[in-house]
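Data block below; observations after.
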Amino acid sequence: MVKNPLILACVAGAAMNLAGFDPKWGAERLLTPLATTRLPLGLLSVGAALKLEELRGQSGALVGNSLGRLLLMPALAFLIGQILALPAIEAATLVIFFALPTAPTA
């Protein structure tokens, strides 16, 4: 974990922020567009770090987990909405939130 570039970048950024670092000489114009791409670049980094060879033989668990998360969870939310007699908009919101995939780093 100490060698993870995402962790190192977060620690460096927090240290610079706590130290009161104020970028000068136009550096802010360079850093602002980079900062807006932080989430997509982080997700690309996580995806690039995946080792597919370690997933071999785990296809059953992966398919089962995916089906459970993407099909069974929304169905469970629908049932909960029916049991609680939620209005349509609240029930739909509940189902949508249950259908959303979770973050892999959560």
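The values are calculated or read from the model by the stated rules, or taken from the named source; none is laboratory data. Bear in mind the structure is a predicted one, so any value in this text is a computation, not a measurement. Cβ sites come from the backbone with ideal geometry, for glycine too, and all protein chains shown count toward neighbours.
Scanning segment 71-106 for residues that are of a type in the set (Ser, Thr, Tyr) and modelled with pLDDT under 90 returns Thr102, Thr105.
Kindly provide the set of residues from segment 1-30 that are surrounded by 11 or more Cβ atoms within 10 Å (Cβ to Cβ), touching a helix residue (DSSP H, G or I) at 6+ places or on another chain (Cβ under 7 Å) and either aliphatic (A, V, I, L, M) or not assigned by TED's automatic domain parsing to the domain that holds Ser45 (or both), ordered by number. Once the filter is applied, which keeps residues that are surrounded by 11 or more Cβ atoms within 10 Å (Cβ to Cβ), touching a helix residue (DSSP H, G or I) at 6+ places or on another chain (Cβ under 7 Å) and either aliphatic (A, V, I, L, M) or not assigned by TED's automatic domain parsing to the domain that holds Ser45 (or both), segment 1-30 yields only Leu6.
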